[in-house]
1. Scan segment 58-80 for residues that are under 24 Å from the mean Cα position of the chain (by Cα) and crowded, with 17+ Cβ neighbours inside 10 Å and jot them down.
2. For segment 309-354, which residues satisfy the criterion of being aliphatic (A, V, I, L, M), buried (at least 24 other Cβ atoms within 10 Å of the Cβ) and more than 23 Å from Ala29 (Cβ to Cβ)?
3. If I filter segment 51-106 down to residues being hydroxyl-bearing (Ser, Thr, Tyr) and outside any helix (DSSP H, G or I), which single residue comes out as nearest to Ala229 (Cα to Cα)?
4. Considering only residues of segment 122-137 that are assigned to a helix (DSSP H, G or I) and under 20 Å from the mean Cα position of the chain (by Cα), which is nearest to Leu33 (Cα to Cα)?
5. For segment 94-111, give me the residue count where each residue is closer than 22 Å to Val194 by Cα and among the β-branched types (Val, Ile, Thr).
6. Given the conditions (1) buried (at least 23 other Cβ atoms within 10 Å of the Cβ); (2) modelled with pLDDT under 95, which single one is not true for Ser144?
7. Do the conditions hold for Thr245, that is, is it among the hydroxyl-bearing types (Ser, Thr, Tyr), under 15 Å from the mean Cα position of the chain (by Cα) and closer than 29 Å to Gly49 by Cβ?
8. Given (1) over 13 Å from Leu27 (Cα atoms); (2) touching a residue at least 60 places away in the same chain (Cβ under 8 Å); (3) part of a helix (DSSP H, G or I), identify the lone condition not met by Leu140.
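The values are calculated or read from the model by the stated rules, or taken from the named source; none is laboratory data. Remember, it's a predicted structure, so these values are computed and weren't measured experimentally. Here Cβ is always computed from backbone atoms with ideal geometry, including for glycine, and neighbour counts include all displayed protein chains.
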Amino acid sequence: MATVDASRPTATKGVPAAVLVLGALVLIAGGVLGAMWMLHPLIRKWDLGDLAVYRAAGNAVRHGHSVFGSYVHDQLRTPLPFIYPPVAAVLAVPATLLGETQANLTWTALTIVILGLVVAVCFAPLLRRFGRAAPVAFVLVLASMCALSPVEDHLRFGQVGILLMACCIFDCVVERPKWPRGVLVGFATAIKLVPGIFIPYLWLTGRKRAAWVAAATFGLFTLFGGIVAPGDSWEFFHSKIFEPTSPQFFTNQSLEGVLQRALPGAWRVFWIVAIGLVLWFGLRAAVEASARGDELRAVAITGLVSVLVSPISWIHHLVWVVPVIAVILGAGRDPKRVAIAFLVAAVFVARLPYFGHDELKTGLLAGVLKDSYAFVCVALLVYLARGLRSSDAEPRVAGSTR
């Protein structure tokens, strides 16, 4: 695959580093204030509710109980259901060997490390601008990304989306991976089905062997889950997969969630049309970007498509905004792109859906704010596909070999 010429002269000397640092500090401060508002009162028990669900399901596997039954509910302070492929519960068994606090600390630290690796890859052009001060810039960028509400929600709930996003990014953008390309995408798809969109993406971008590897990896992990928990595996793929929970709740920012809230009696036809258009438009744009050597932009586009077409996309699933911001920002040389990147980040720091639900509650503006992140994702998809010209692309991770 062709790569962007890193020696190509730029039309501008770049936005001053001091402006970029100031912007990062503002985002971090906004994130702290937003987290304080979300978590008020400040003194409360640290409870990673979604991680607790995974650990409860892991306990169910260990003790021979169904992951979809009351055994999981009975272990939880907040009785949330386990709705993932059973192999995810099998892989969560090691977390059950730790106490709650140790598991929470370990998973939070590991998630931040993985997010740091994502930042190092996605923001590499920007970090290179800072030379010796790159480690300081890295910390500021990482903290800024933690200030985004999808990332903050992810850390607060103890979710796995950052790990799955990292698998897809590394599998697609690393030029010469030390693993068979496609393994990480297949692994991510086995844990949650949504990353499976990267299997046809790999195929459409000419990496057919990697697509087969991803599909085979998914199959092997799923088979492993079926061997360990055959009854639960049958139940998941036979019935549970068709039973998404609470799709109308305001934190579901997928197209289905928006349409169910707006058109509760006639949403299905509109949803089928909408996801068809998004899949066609998004995957076509991703293939075009990949063919031009802008692999990270292609992956970010595909990530946005996955968020929009999935039946359920909670706000913490929108961690894909991290590589999106990186693509827009580039090396921070174009003032217009820098402004757009910081505007996007500010929108996701502002926690607009929560403000519409918790403060305004009812009315047109409240409804718009509740759905705002879905609208922003659609706008970002269009911008990355058509508004960000390939000639504007900054040098970034070398395109992957076919």
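1. Residue satisfying the conditions is Gly58 alone.
2. Val327 - this is the single residue of segment 309-354 that is aliphatic (A, V, I, L, M), buried (at least 24 other Cβ atoms within 10 Å of the Cβ) and more than 23 Å from Ala29 (Cβ to Cβ).
3. Applying the first criterion (hydroxyl-bearing (Ser, Thr, Tyr)) to segment 51-106 yields 54, 66, 70-71, 78, 84, 96, 101, 106.
With outside any helix (DSSP H, G or I) added as a condition, the list becomes 66, 78, 84.
Values: Ser66: 8, Thr78: 24, Tyr84: 13 Å.
Out of the qualifying residues, it is Ser66.
4. Taking segment 122-137 and keeping what is assigned to a helix (DSSP H, G or I), we get 122, 124-129, 131-137.
Next, only the ones that are under 20 Å from the mean Cα position of the chain (by Cα) stay: 122, 124.
Working: Cys122: 26, Ala124: 28 Å.
The qualifying residue nearest to Leu33 (Cα to Cα) is Cys122.
5. Count: 1.
6. (2)
7. Numbers: among the hydroxyl-bearing types (Ser, Thr, Tyr): yes; under 15 Å from the mean Cα position of the chain (by Cα): no; closer than 29 Å to Gly49 by Cβ: yes.
Here the answer is no, as Thr245 does not meet what is asked.
8. Among (1) over 13 Å from Leu27 (Cα atoms); (2) touching a residue at least 60 places away in the same chain (Cβ under 8 Å); (3) part of a helix (DSSP H, G or I), the lone unmet condition for Leu140 is (1).
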